[in-house]
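A quick write-up on the structure given underneath.
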Amino acid sequence: MAARRSLTPNALGRTEEGSGLMTHDDCAYSLRRIRGSLVGAAVLLAWEAALSGSFLVSILVCPVWCLVSLVKNVIWRPGWRVALSRTVVPALTLGLVLSNAALQSRIAHANAERIIKACEQFSAANGRYPSKLDELVPGYLPAVPRAKYCLMDCDFWYLEYKDRHTLMWVAIPFFSRPYYDFEERRWGVIPD
């Protein structure tokens, strides 16, 4: 492929070659070359941040995606801007997904602490734990909070089984479910 020339206007309105500034055509060319990476990033962000609130798919996909981008850069030798963009997009996507997952985890723990406190107050007032979380509304909580702010596995599970009471939620689908045991007053994690 022939080298692309960059023509930019100087102070007199004439064009100069090789000034290093990108023209509109160069920007459009670069965006076309990384369109697949941008679409992939949008799909992963939508899946992980909006749907699952986790990082399971991205932690598997992004390292492979980054390696494939590096190999494509070595073989096709695009300009440095395209090569850098192709390599940075998967890393940036993984960083955003991991940041979202950490935020979702902090939100879930904070909301779980609110529910635990309300359940303990309910138990002190009634001599028993609630049989379901809705019993806490409106006396102890204005509403039962969500565990995570996403579309799948976003609610807390409150289980009552043989005088045992447990609060849990899905942190990482198929792999991790943090829980709180009210009778033992301790945290744990149930791997699927």
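What ratio of Cα Rg to 2.2 N^0.38 Å holds for the stretch 41-80?
On the way: Rg = 13.0 Å, N = 40, 2.2 N^0.38 = 8.9 Å.
My calculation over the Cα atoms of the stretch 41-80 gives 1.45.
On a straight-distance basis, which lysines could pair with LYS132 in a cross-link, Cα separation under 16 angstrom, same-chain partners fewer than 8 positions away excluded?
The reachable lysines, counting only those whose Cα sits under 16 Å from LYS132, are LYS117, LYS162.
Over all directions, what mean area does the Cα convex hull of the stretch 22-102 project, stated in square nanometres?
5.3
When N is the residue count of the stretch 111-190, what does its C-alpha Rg come to as a fraction of 2.2 N^0.38 Å?
Ratio of Rg to 2.2 N^0.38 Å for the stretch 111-190: 1.06.
Each reported figure results from applying straightforward, stated rules to the coordinates on display, with no laboratory input. Being a predicted model, the structure only gives us computed values, none of them experimental.
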